[in-house]
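The values are calculated or read from the model by the stated rules, or taken from the named source; none is laboratory data. Everything numeric here is computed off the predicted structure, so don't read it as measured data. Using ideal geometry, Cβ is built from the backbone for each residue, glycine included, and neighbour counts are taken over all protein chains shown.
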Amino acid sequence: ILRGYVLREELRDYPAHLHIDILPEGQGRGMGRKLMEAFMTTLRKKNIPALHLEVGLSNSGAIAFYRRMGFSTIAEYEKSLALGIKL
């Protein structure tokens, strides 16, 4: 079985992809921030230049969190945003 996805052109400069889900009872306790900081530290050590993620437009809490982490909008799609950060 082959699993994967096609990288959209606008994401080409952001080669690393992040998918993170924190259960509601774990949100607001610093878990997401710690996981993301550890992941970004590892990417920097491996000379990965940038990171992207996709988040639903209706997920305002996550969007605010990612913006606080330094992510900015790369593209807006019908139901989601692509956010990225240069490392």
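Assorted remarks:
- Residue in the stretch 6-21 that is in a loop (DSSP other than H, G, I, E, B), modelled with pLDDT of 95 or more and in contact with a helix residue (DSSP H, G or I) (Cβ under 7 Å, 6 or more places away or on another chain) present: no
- Scan the stretch 55-87 for residues that are buried (at least 17 other Cβ atoms within 10 Å of the Cβ) and assigned to a strand (DSSP E or B) and the total you get is 7.
- Checking every residue in the stretch 42-54 against the condition of being farther than 11 Å from residue 87 by Cα, surrounded by 10 or more Cβ atoms within 10 Å (Cβ to Cβ) and not basic (Lys, Arg) gives at least one match.
- If you go through the stretch 28-57 and keep only what is closer than 13 Å to residue 73 by Cα and more than 11 Å from the chain's Cα centre (by Cα), you end up with 56, 57.
- With respect to the stated conditions, residue 63 is more than 13 Å from residue 16 (Cβ to Cβ), modelled with pLDDT of 95 or more and of a type in the set (A, V, I, L, M, F, W, C).
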